[in-house]
Amino acid sequence: MSGPLPGPDGRLRCPWALGTPEYLAYHDDEWGRPVHGDGALYERLTLEAFQSGLSWLTILRKRDGFRRAFADFDPDVVARYGDADTARLMADAAIVRNRLKIAATVTNARALVALREADGDGALDRLVWSHAPGPRQAPAALGDLPPSTPESVSLAKTLKSHGFVFVGPTTAYATMQAAGLVDDHLAGCIARRDARTGSIT
């Protein structure tokens, strides 16, 4: 599997970032950067669940549609969705029209609302970030990236215990990558954070 490759500006990046402008922007500006806040993490969990079995590019290109469909990922709004909303979303070509994933998004909004009622604002943020692993060596190539880790197995189990669905260890690990709990930018990639300062190298 490939190590970092030169991007359009000649600087090294993870090779998956070089296929399209959408991938490049997501890689440079979002992926692996720390994400906090219940709503923002609910969005990452939702998008990673929708991506299962699909290209991530499909999700990126429909991201604005997902935000409109799910009220900018406001869990209080989505938790109140009913059958009419499901029918509306199943007819919405701006998102991935998968009934099980739509239902999971509503279920997870309700789980988040319940979690927040029990543990206060920021409850999902605290739960997710409590599973962040310690520092580890930068991966040299894409083949060094695991599909899941002990931490993602634990995160998936904890989320499920709170009523979340569609959050297996692989989806949990993809969320950890997307939300910056782990920095899986390859060694030499311009977007990798400095282990000592947290700044982008």
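The values are calculated or read from the model by the stated rules, or taken from the named source; none is laboratory data. Not measured: the values here are computed from a predicted model. Here Cβ is always computed from backbone atoms with ideal geometry, including for glycine, and neighbour counts include all displayed protein chains.
Taking the options GLY180, GLY163, name whichever one is in a loop (DSSP other than H, G, I, E, B), among the small types (Gly, Ala, Ser), surrounded by 15 or more Cβ atoms within 10 Å (Cβ to Cβ) and at positive phi. After ruling out the rest, the residue left standing is GLY180. The set of residues in the range 1-54 being outside any loop (DSSP other than H, G, I, E, B) and farther than 28 Å from THR105 by Cβ consists of LEU5, PRO6, LEU12, ARG13, PRO15, LEU18.
Residue-wise test of (1) of a type in the set (S, T, N, Q); (2) more than 14 Å from the chain's Cα centre (by Cα); (3) at pLDDT below 95.
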{"position": "PRO139", "(1), (2), (3)": "no, yes, no"}
{"position": "LEU145", "(1), (2), (3)": "no, yes, no"}
{"position": "SER148", "(1), (2), (3)": "yes, no, no"}
{"position": "GLY163", "(1), (2), (3)": "no, yes, no"}
{"position": "GLY168", "(1), (2), (3)": "no, no, no"}
{"position": "ALA172", "(1), (2), (3)": "no, no, no"}
{"position": "ALA179", "(1), (2), (3)": "no, no, no"}
{"position": "GLY188", "(1), (2), (3)": "no, yes, no"}
{"position": "ILE200", "(1), (2), (3)": "no, yes, yes"}
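Taking the conditions (1) in contact (Cβ under 8 Å) with a residue 40 or more places away in the chain; (2) surrounded by 14 or more Cβ atoms within 10 Å (Cβ to Cβ); (3) assigned to a loop (DSSP other than H, G, I, E, B) in turn, SER148 satisfies each one other than (1). The set of residues in the range 136-172 that are in contact with a His (Cβ under 9 Å, 6 or more places away or on another chain) and over 23 Å from ALA111 (Cβ atoms) comprises ALA138, PRO139. Taking the criterion of being of a type outside the set (Gly, Ala, Ser), within 30 Å of GLY188 (Cα to Cα) and surrounded by 14 or more Cβ atoms within 10 Å (Cβ to Cβ), the residues of the range 107-145 that qualify are ASP125, VAL128, TRP129, HIS131, PRO139, LEU142, ASP144, LEU145.
From the list ARG97, ARG80, ARG68, the lone residue that is in a helix (DSSP H, G or I), modelled with pLDDT of 95 or more and either farther than 30 Å from ALA187 by Cβ or not small (Gly, Ala, Ser) (or both) is ARG68. Residue pairs whose Cβ atoms lie under 7 Å apart, sitting 6 or more positions apart in sequence or on different chains, and linking a residue in the range 30-44 that is free of Cβ contacts under 8 Å to residues at least 24 places away in the same chain and over 11 Å from ARG192 (Cα atoms) to a partner that is assigned to a loop (DSSP other than H, G, I, E, B) and among the hydroxyl-bearing types (Ser, Thr, Tyr), do not occur here.
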